[in-house]
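Presented below is the structure to which this report refers.
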Amino acid sequence: MQGIALPPLEARLKSRYLRLVHSHMHSATDLAAGVASLPSVASAFAATQAAWRFLNNERVTPAALAEPMRQVGRDRLAETNAPFALLVHDWSKIGFDASKSDLTRVTHGKDLGYELTTALLVSGDDGAPLAPMEMHLKVAGGVLSTRPRAPRHIKHLDQVLPTMKASRAWGLGKPMLHVIDREADSVDHFRRWDADGHRFLVRGNTRRATWEGEGRLLTEVRDELRSRRAFGLIRKVPSRDTEAELWVAETSVILDRPAWKKAAGRKRRKRAGRPLTLRLIVVQLRDDRDRVVAEWMLLSNAPDDWATAERLAFCYYWRWRIESFFKLLKGHGQQLERWQQETGAAIFRRLLVASMACVVVWRLQADQSPEAEELREVLVRLSGRQTKRTRRHTAPALLAGLWVLLSMLALLDHCDLGRLRDLASRLSYSGVG
């Protein structure tokens, strides 16, 4: 935690914040998803009570808890070489049973839970996750947010422009490329984002656009590019259990058709808009028989001097970092959907603390110093987990190892090492050791 800014809280709450971050530096299980307690002179019950008071304290605002993560994002972004950074937007359902008092409808009437909206800052150099910069939690009756003024209950894509505008006040020092999955393929939103000066990269669906003066489906444009041999081989990349060849082609298309919009309680209507010229980057993964095993059709208004087509292809590939973040919060580390806090407000505060623990692990993963490499090896060994030779450490393994290391250090602060060895020697009677 050295070098990480603390939230603007009073001294006692800052101390509790640090302890809570430490308590989330572990890989939890379904049966032990509560706030963990490090070995210390305080009892586990006292630690649980202190955590409850912190998570239910109205003076502990989400904006304050988000600030340490944003500061890490600023610091790590300043160390990158790319002229821009990626801000990945995505949504994830958090499923809970009926024990929570403020669950809301997520997809349909019987699908209850919370909905998490996240804007994750990602390095434009290598796709390394830096920090969640903004998070919202939709609960019954409103939205909890790290933004001082929480957004309203609005559709997913209508949440993006306010976040784009808010990002200008984060002091990042570099322009943003906003990366979103196919859900964001909306010409009306493209026009609004572009008019407000934001750069975006979105995976397109099969839509119609004007290409070389004719209205064509994007799939038709793709086929024509391949027949013209416009695709270039970039390199081989991992694909499942083998390797595939990465092929990229680029052209420009014009979105000049009206957008279909649906107002509340009304039928869909056409909304005319200005023609918008975008870069179309078609990315294909091909096997050794030249068959396409995966394909993306990307639309972007990023200028040519920002990034080549190859770089934009990787920028979209790095979008999966936010999916890994959600997995780390849910089943691969923090077991978010097993937390026992009773309200969305307490869940959200704990979620921000747990996210800070993830940020610490990401920073350790990105550190290239010999000391960091040695520490990663120690943590993986302490975790007891097996890793692939090609991937010597993972975030869940580092979390698991961190908890063992922090527990060891806390225990040694309060116990005599010789006495611990004497106690451990008793294991020999059971044939262990």
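The values are calculated or read from the model by the stated rules, or taken from the named source; none is laboratory data. On a predicted model such as this, the values are computed, not experimentally measured, just so you know. Cβ placement follows ideal geometry from the backbone for every residue including glycine, while neighbour counts extend to all protein chains displayed. Only protein heavy atoms, including side chains, enter the accessible area calculation; ligands, DNA and RNA are left aside. Shrake-Rupley method; radii C 1.70, N 1.55, O 1.52, S 1.80 Å.
A few remarks follow.
- So ARG426, is it open to solvent by 80 Å² or more (accessible area, probe 1.4 Å) and either within 21 Å of GLY34 (Cβ to Cβ) or not in a loop (DSSP other than H, G, I, E, B) (or both): yes
- Cross-chain or 6+ apart pairs with Cβ under 7 Å, the range 304-329 first and of a type in the set (A, V, I, L, M), then open to solvent by 60 Å² or more (accessible area, probe 1.4 Å): ALA309/GLU250
- Subset of the range 94-103 that is open to solvent by 20 Å² or more (accessible area, probe 1.4 Å) and touching a strand residue (DSSP E or B) at 6+ places or on another chain (Cβ under 8 Å) - its residue that is farthest from TRP306 (Cα to Cα): ALA98
- Filtered residue count, the range 318-344, keeping only those that are at pLDDT 85 or above, open to solvent by 40 Å² or more (accessible area, probe 1.4 Å) and either out of contact with any Gly (no Cβ under 7 Å at 6 or more places or on another chain) or of a type in the set (Lys, Arg) (or both): 9
- Subset of the range 18-76 (residues that are in a loop (DSSP other than H, G, I, E, B), modelled with pLDDT under 75 and open to solvent by 30 Å² or more (accessible area, probe 1.4 Å)): ASP30, LEU31, GLY34, SER37, LEU38, PRO39, SER40, VAL41, ALA42, SER43
- Considering ARG385, ARG381, the condition of being over 14 Å from the mean Cα position of the chain (by Cα) and outside any helix (DSSP H, G or I) is satisfied by ARG385 alone.
- Residues satisfying the stated conditions in the range 331-373, i.e. under 20 Å from TYR114 (Cα atoms) and without any contact (Cβ under 8 Å) to a residue 12 or more places away in the chain: GLY331
- Scanning the range 363-376 for residues that are in a helix (DSSP H, G or I), under 26 Å from VAL237 (Cα atoms) and of a type in the set (Asp, Glu) returns a single hit, GLU373.
- Options GLY127, GLY141, GLY109; residue that is in contact with a Cys (Cβ under 9 Å, 6 or more places away or on another chain), farther than 17 Å from LEU351 by Cα and at pLDDT below 95: GLY127
- Of the residues making up the range 211-232, those that are out of contact with any Lys or Arg (no Cβ under 9 Å at 6 or more places or on another chain), open to solvent by 30 Å² or more (accessible area, probe 1.4 Å) and hydrophobic (A, V, I, L, M, F, W, C) number 1.
- Among the conditions (1) of a type outside the set (Val, Ile, Thr); (2) touching a residue at least 24 places away in the same chain (Cβ under 8 Å); (3) assigned to a loop (DSSP other than H, G, I, E, B), ALA98 misses just one, which is (2).
- If you go through the range 175-196 and keep only what is open to solvent by 40 Å² or more (accessible area, probe 1.4 Å) and either farther than 17 Å from LEU157 by Cα or among the hydrophobic types (A, V, I, L, M, F, W, C) (or both), you end up with PRO175, ALA195.
- Subset of the range 152-197 (residues that are within 24 Å of PHE314 (Cβ to Cβ) and among the acidic types (Asp, Glu)): ASP181, GLU183, ASP185, ASP194
- Scanning the range 77-93 for residues that are open to solvent by 10 Å² or more (accessible area, probe 1.4 Å) and among the aliphatic types (A, V, I, L, M) returns a single hit, ALA78.
- Listed by first and then second residue, the pairs with beta-carbon distance under 6 Å, at least 6 apart or on different chains, first residue in the range 128-152 and open to solvent by 40 Å² or more (accessible area, probe 1.4 Å), second in a loop (DSSP other than H, G, I, E, B), are ALA140/ASP102.
- The number of residues in the range 125-134 that are charged (D, E, K, R) and part of a loop (DSSP other than H, G, I, E, B) comes to 2.
- Which numbered condition LEU120 fails, given (1) touching a strand residue (DSSP E or B) at 6+ places or on another chain (Cβ under 7 Å); (2) open to solvent by 10 Å² or more (accessible area, probe 1.4 Å): (2)
- Some residue of the range 82-95 being within 30 Å of GLU342 (Cβ to Cβ) and among the aliphatic types (A, V, I, L, M): yes
- Of residues in the range 398-428 being in contact (Cβ under 8 Å) with a residue 24 or more places away in the chain and touching a Lys or Arg at 6+ places or on another chain (Cβ under 9 Å), the one farthest from LEU130 (Cα to Cα): ALA400
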